[in-house]
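This report refers to the structure that appears directly beneath it.
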Amino acid sequence: MPTPPILISPSVLDSDLSRLSEEVERITSADLVHLDIMDNHFVPNLTFGLPVVQRLLEHTSMRADVHLMIENPDTWAPAYAEAGAASVTFHAEASRAPVKLARELRAKGARAGIALRPATGVEPFLDLLPELDMVLVMTVEPGFGGQAFIDGVLPKIRRARAAIDELDADIWIQVDGGVTRETIGRAASAGANVFVAGSAVYRAEDPAAEIASLRELALAAWSA
């Protein structure tokens, strides 16, 4: 199977959210912009919601990679696809009907992703892979930026990649949490191809240079 695209998707969680549109302009060399939607129920943090995403997408040409860390995504997720998000990811632990939701997201024009907390196994979802466009393997506990990468999830990434390769399907594996120059190679070697880097990019002196470095390291790991 051809190598999947290597994509960098910086999270705005570590940016100045009071200047969100301007902060997104700082990462236009990235492939996607990662928007973390948190409700202070599914995770112990509160960010922003649908109205902010709708307005942001009116003012940027970047493709939005929406990650819903919320309760009841079955109700709320489709609206993000309708708003123009390129990809909408919901948590397996929160959705009551993941296949139905994935199909609805696809019907509305978005890639459908399912996210797994570090302790959630990938095996129950392998048979559902044809219904999905992306599997997000959380490499930290969801809720806050700046956490350390959990190497214990690497075998889960490998199992997901093996199952996807067996299907010969265009399904991405995303990692989110603690992605830095030091960790991105390990995640890529395990089979991830979409990398959410928040603090590593937004705290860098030159975000564009950091994005380029992360992409180069991921590509090198895939080629090794």
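The values are calculated or read from the model by the stated rules, or taken from the named source; none is laboratory data. Bear in mind that the values here come from a model prediction, so they are computed numbers and not experimental data. Cβ coordinates were reconstructed from backbone atoms using ideal geometry, including for glycine residues, and neighbour counts include every protein chain displayed.
Looking at the range 184-224, which of the residues that are of a type outside the set (A, V, I, L, M) and not in a helix (DSSP H, G or I) is modelled with the lowest pLDDT? Let's see the steps before the verdict.
Pass one, the range 184-224, residues of a type outside the set (A, V, I, L, M): 185-186, 189, 191, 193, 195, 198-199, 202-203, 205-207, 210, 213, 215-216, 222-223.
In the following step, the residues that additionally are not in a helix (DSSP H, G or I) were identified as 191, 193, 195, 198, 203, 205-206.
Numbers: 191: 97, 193: 98, 195: 98, 198: 91, 203: 94, 205: 95, 206: 97.
Selected residue: 198.
Looking at the range 152-173, is at least one residue modelled with pLDDT under 95, under 18 Å from residue 36 (Cβ atoms) and within 16 Å of the chain's Cα centre (by Cα)?
Looking for residues that are modelled with pLDDT under 95, under 18 Å from residue 36 (Cβ atoms) and within 16 Å of the chain's Cα centre (by Cα), one finds none in the range 152-173, hence no.
Cβ-Cβ distance below 9 Å, separation of 6 or more or different chains: which pairs start in the range 70-97 with a residue that is within 9 Å of residue 110 (Cβ to Cβ) and in contact (Cβ under 8 Å) with a residue 40 or more places away in the chain and end on one that is among the hydroxyl-bearing types (Ser, Thr, Tyr) and buried (at least 16 other Cβ atoms within 10 Å of the Cβ)?
Qualifying pairs under 9 Å: 87/9.
In the range 101-119, what residues are part of a loop (DSSP other than H, G, I, E, B) and in contact (Cβ under 8 Å) with a residue 12 or more places away in the chain?
Correct list: 108, 109, 110, 117, 118.
Which residue pairs have Cβ atoms closer than 7 Å, lie 6 or more positions apart in sequence or on different chains, and pair a first residue in the range 157-171 that is hydrophobic (A, V, I, L, M, F, W, C) with a second residue that is exposed (fewer than 14 other Cβ atoms within 10 Å of the Cβ)?
These pairs meet every condition: 167/130; 169/130.
Considering each residue of the range 15-30, count those that are more than 19 Å from residue 196 (Cβ to Cβ) and of a type outside the set (Asp, Glu), and give that number.
Looking only at that region, the number is 3.
Can you name every residue in the range 24-58 that is in contact with a helix residue (DSSP H, G or I) (Cβ under 6 Å, 6 or more places away or on another chain) and not aliphatic (A, V, I, L, M)?
Those that are in contact with a helix residue (DSSP H, G or I) (Cβ under 6 Å, 6 or more places away or on another chain) and not aliphatic (A, V, I, L, M): 26, 29, 36.
Please verify whether the range 205-216 includes one or more residues that are among the basic types (Lys, Arg) and under 16 Å from the mean Cα position of the chain (by Cα).
The first filter runs over the range 205-216 and keeps only residues among the basic types (Lys, Arg), leaving 215.
Filter again for under 16 Å from the mean Cα position of the chain (by Cα), leaving 215.
Looking for residues that are among the basic types (Lys, Arg) and under 16 Å from the mean Cα position of the chain (by Cα), one finds at least one in the range 205-216, hence yes.
Would you confirm, using the coordinates I've provided, whether residue 119 is of a type in the set (A, V, I, L, M) and farther than 16 Å from residue 65 by Cβ?
Yes: the conditions hold for residue 119.
Regarding the range 120-135, can at least one residue be identified that is surrounded by 16 or more Cβ atoms within 10 Å (Cβ to Cβ), touching a residue at least 24 places away in the same chain (Cβ under 8 Å), in a strand (DSSP E or B) and under 17 Å from the mean Cα position of the chain (by Cα)?
Residues of the range 120-135 surrounded by 16 or more Cβ atoms within 10 Å (Cβ to Cβ): 120, 122, 125-126, 129, 131-135.
Restricting the remaining residues to those that are touching a residue at least 24 places away in the same chain (Cβ under 8 Å) gives 120, 122, 125-126, 129, 131-135.
Checking the rest, the ones that are also in a strand (DSSP E or B) come to 134-135.
Applying the additional criterion that residues be under 17 Å from the mean Cα position of the chain (by Cα) yields 134-135.
Looking for residues that are surrounded by 16 or more Cβ atoms within 10 Å (Cβ to Cβ), touching a residue at least 24 places away in the same chain (Cβ under 8 Å), in a strand (DSSP E or B) and under 17 Å from the mean Cα position of the chain (by Cα), one finds at least one in the range 120-135, hence yes.
Under 21 Å from residue 7 (Cα atoms) and either small (Gly, Ala, Ser) or surrounded by fewer than 16 Cβ atoms within 10 Å (Cβ to Cβ) (or both), is that true of residue 94? Talk me through it step by step, then tell me what you get.
Values: under 21 Å from residue 7 (Cα atoms): no; either small (Gly, Ala, Ser) or surrounded by fewer than 16 Cβ atoms within 10 Å (Cβ to Cβ) (or both): yes.
No, not satisfied.
Just the residues that are outside any loop (DSSP other than H, G, I, E, B) and touching an Asp or Glu at 6+ places or on another chain (Cβ under 7 Å), please, taken from the range 1-34. Don't jump to the end; show me each part of the working.
Filtering the range 1-34 for residues outside any loop (DSSP other than H, G, I, E, B) gives 7-8, 11-14, 17-25, 33-34.
Matches in the range 1-34: 7, 8, 11, 12, 13, 23, 33, 34.
Can you pull out every residue in the range 77-100 that is in a helix (DSSP H, G or I) and more than 24 Å from residue 173 (Cβ to Cβ)? Please lay out each step first, then the result.
First, the residues of the range 77-100 that are in a helix (DSSP H, G or I): 77-82, 98-100.
79, 82 - these are the residues of the range 77-100 that are in a helix (DSSP H, G or I) and more than 24 Å from residue 173 (Cβ to Cβ).
Does residue 7 satisfy the condition of being within 15 Å of the chain's Cα centre (by Cα) and under 19 Å from residue 203 (Cα atoms)? Please lay out each step first, then the result.
Numbers: within 15 Å of the chain's Cα centre (by Cα): yes; under 19 Å from residue 203 (Cα atoms): no.
Judged against the criteria, residue 7 is not a match.
Look at the range 174-190 and say how many of its residues are touching a Leu at 6+ places or on another chain (Cβ under 9 Å) and buried (at least 24 other Cβ atoms within 10 Å of the Cβ).
Residues that pass the stated criteria total 7.
Quickly run through the range 172-183 and pick out the residues that are in contact (Cβ under 8 Å) with a residue 60 or more places away in the chain and either acidic (Asp, Glu) or not in a strand (DSSP E or B) (or both).
176
Taking the stated definitions as given, is residue 50 under 19 Å from residue 9 (Cβ atoms) and at pLDDT 95 or above?
Values: under 19 Å from residue 9 (Cβ atoms): no; at pLDDT 95 or above: yes.
Here the answer is no, as residue 50 does not meet what is asked.
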